[in-house]
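Here's the structure we're looking at; comments come further down.
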Amino acid sequence: MAKKEKTIIKDEEIKEEEVPTAKKVEAEVVEEPIAEVVEEEVIDPIEALTAQVETEKNNALRHLADLENFKKRKQTELESFRKYASEGVLIEFLPLLDSLNMAFLSIEHTEDKNIKYGLELIKKQLESTLEKLNVEQIKAAENDVFDTNLHQAISQEKSKAHKENTIVKVMQKGYQLNSKVIRPAMVVVAE
């Protein structure tokens, strides 16, 4: 029986020797993180609030910048709308101006000066109104260089009298509204 007790004692001794060592290791490992957690908990709320304030401040600044950009974009759109609002109406009036020009050319050789004078006044009045609305005639004349931004070629013609890619004849006048082409000049181009 004594031997059994010794074995038990030895086992208990071994366990007791091992247990304190394990407890010491656990205590050492656990104590450091607990100390750190306690320190972090004290610092964490302040840092968290500071970070949150910084984030909210950045969000507010970002939203303010977005609002300013939106205002600028809307202002630009409004200015563009005002600048080109009359474009559709003006495009509809251009054929009337063309017809008036053709009528003026057809009566050029007539003897009736009153008709000539009346048509000339109407033409000047219409041109003056278009000028007030910032509508300009596109300059297109014979021997001018063909420009795809301002002219539309309706045909090509072989010509020894004209250089290649120059205007041979203007078939229909073109117009710009505030430097934007609303109708290109219809031209015949030399090959």
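The values are calculated or read from the model by the stated rules, or taken from the named source; none is laboratory data. Predicted model, so just to flag it, every value in this text is computed and none were measured. As a convention, Cβ positions derive from the backbone with ideal geometry for all residues, glycine included, and neighbour counts pool all protein chains shown.
So here's what we get for this one:
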{"quantity": "Options PHE81, PHE104, PHE93: the member that is surrounded by 10 or more Cβ atoms within 10 Å (Cβ to Cβ), over 14 Å from ARG183 (Cα atoms) and among the aromatic types (Phe, Trp, Tyr)", "calculated": "PHE104"}
{"quantity": "Residues that are in a loop (DSSP other than H, G, I, E, B) and surrounded by fewer than 17 Cβ atoms within 10 Å (Cβ to Cβ), drawn from segment 174-191", "calculated": "ASN178, SER179, GLU191"}
{"quantity": "Selected residue [within 30 Å of ASN178 (Cβ to Cβ), within 15 Å of the chain's Cα centre (by Cα) and modelled with pLDDT of 85 or more] from ASP98, ASP66", "calculated": "ASP66"}
{"quantity": "Filter result for the condition that a residue is part of a helix (DSSP H, G or I) and at pLDDT 85 or above, over GLU40, GLU32, GLU36, GLU77", "calculated": "GLU77"}
{"quantity": "Total residues in segment 97-126, condition touching a residue at least 24 places away in the same chain (Cβ under 8 Å) and out of contact with any Leu (no Cβ under 8 Å at 6 or more places or on another chain)", "calculated": "2"}
{"quantity": "Selection count, segment 154-173, where residues are part of a strand (DSSP E or B) and among the polar types (S, T, N, Q)", "calculated": "4"}
